[in-house]
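In what follows, a structure is listed as structure tokens, so that the remarks can point back to it.
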Amino acid sequence: MAATARPSTIRDVARQAGVSTATVSRALRGGVGVDPTTRARVEAAARELRYRPSGVARSLKLRATQTLGLIVTDIENPFFPHLVRAVEDAARMQGYSVILADGLHDSDREIQSLEVLARRQVDGLLVASSAITERHRDWIAHRPCPLVVLNSASPGTGVPTAVSDNTDGGRQVAEHLLALGHRRLTYIGAPSSMNPAVEERLAGVR
């Protein structure tokens, strides 16, 4: 197996550009006080050496990772890919990356994912779970970073929550079908024990 080339460091760029590592750092960050000619020389050296600034070092310095953790109940559910895309689009606009975890309808797995993401020191967590359990509430009560709950009510947790109006959604669907002249409607949903939204939508239909 061929040996992997050693990644270029900021010292390599500084040596090739003939400047200090501090100048390289300021030039690549777009900082002030760097002569345009020097900045161009530093950028050229960085491109030639394929230098990538260390995200770990930057995170330690800024005490921020520019990452968000997102947990969804089931990525195979057609609802969640749309939610993931929306979260990632919004995050990218603010300069953040998203780490995704799939709960597979398993609250224990979701709690484990929360722990893993917390150890990775994400700057914030988004929990898009179909149901917030007591274990979720206990973990959220001692959350190590800002957290938002999506797609599920979370009374008593004291965290921001964004949910759909399931009852009104069910009502709108029924009204649409009635307006088309249908009178015998059938409602098909997942077991309500798995997702409280099922009962809310059914109430709207009724």
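The values are calculated or read from the model by the stated rules, or taken from the named source; none is laboratory data. Note that the structure is a prediction, hence the values are computed from the model and not measured. Cβ sites come from the backbone with ideal geometry, for glycine too, and all protein chains shown count toward neighbours. Accessible surface is based on the protein model in full, side chains and every heavy atom, while ligands, DNA and RNA are left aside. Shrake-Rupley method; radii C 1.70, N 1.55, O 1.52, S 1.80 Å.
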Carbon plus sulfur, as percent of the 1.4 Å-probe accessible area of the range 70-142, comes to 48
With +1 at each Lys and Arg Cβ and -1 at each Asp and Glu Cβ, the charge dipole magnitude of the chain around its Cα centre, to the nearest 20 debye, comes out at 1140
Of the listed values (1) 16.0; (2) 18.3; (3) 11.4, grab the one calculated as mean projected area of the Cα convex hull in nm² from the structure here.
-> (2)
Packing-wise, with mean Cβ within 10 Å as the measure, how do 138-145, 90-97 rank, highest first?
-> 138-145, 90-97
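Can you put Asp12, Asp165 in order of accessible area, largest first, using a 1.4 Å probe?
Working: Asp12 25, Asp165 105 Å².
Accessible-area ranking of Asp12, Asp165, largest first: Asp165, Asp12.
Determine the per residue accessible area of the range 125-171 with all protein chains present and a 1.4 angstrom probe, expressed in square angstrom.
49
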Quickly work out the Ile75-to-Thr9 label distance, labels modelled 7 Å from Cα along the C-beta direction, and quote it in nm with one decimal.
-> 3.5
Can you tell me the Rg and Dmax of the range 94-156, counting just the alpha carbons, in angstroms?
-> 11.2, 33
